[in-house]
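Student: Dropping the structure in here first, questions after.
Derivation of every value follows stated rules applied to the coordinates shown; laboratory data play no part. Predicted, not measured: the structure shown is a model, and the values here were computed from it. We place every Cβ from the backbone using ideal geometry, glycine too, and count neighbours over all the protein chains shown.
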Amino acid sequence: MKREDIIVRARSLISVPWVHQGRDWTQGIDCVGLPIMVGTSLGLDLSALPTNYPRRPDGTFMRYFREHMDIKELLKHDDGDVLVFSKSGHPCHCGIRSTLRGKPAIIHAHASYRKVVEQTLESAVAVLGKPGYVFAFPGVED
């Protein structure tokens, strides 16, 4: 799997409705569903992931992604990584890093937007706060 494949697949979900715990290409997905569906569609076995979680996910789904990276490395990292936003030390939102008009961006499903969107990271931070963690899909080739 290449980083470009991750971005292409994630962008194919733009405008899909947001649905809490959604895992359906047309009926809707949530923020956790986005990396799960992208990874699964690209051949990752994510069948062991929990599908039922509280309104604010506890982050257990992230153990299926590769190493945690320091957020200071975010701008140095490539598109296709999973950004995790946290409040009070608890993961509360995630999305897939991309580049939009030459700027760092995020593709994510958010309740406020009611759908999957892509926006610059700068504008996303105004709504989501700063990302606290970065994870990579396993087996990604540059």
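Student: Give me a comma-separated list of calculated 3J(HN,Hα) values for the stretch 130-142, in order, Karplus coefficients 6.51, -1.76, 1.60 applied at θ = phi - 60°, integers in Hz, x for any Gly or Pro.
Tutor: Each residue of the stretch 130-142 in turn: 7, x, x, 9, 10, 10, 10, 4, x, x, 7, 9, 7 Hz.
Student: From the phi of every residue in the stretch 10-18, what ³J(HN,Hα) in whole Hz does the Karplus formula 6.51 cos²θ - 1.76 cosθ + 1.60 yield, where θ is phi - 60° and glycine or proline is x?
Tutor: In residue order, the calculated couplings are 5, 5, 5, 9, 4, 5, 5, x, 7 Hz.
Student: Describe numerically, in nm with one decimal, the distance between label points set 7 Å from Cα along Cα→Cβ at W25 and at V8.
Tutor: 1.4 nm
Student: List the residues whose amide H sits under 5 Å from the amide H of Y133, counting only those 5 or more places along or on another chain, with H placed 1.01 Å from N in the peptide plane.
Tutor: For Y133, whose amide H was placed from the backbone, the distant partners under 5 Å are V84.
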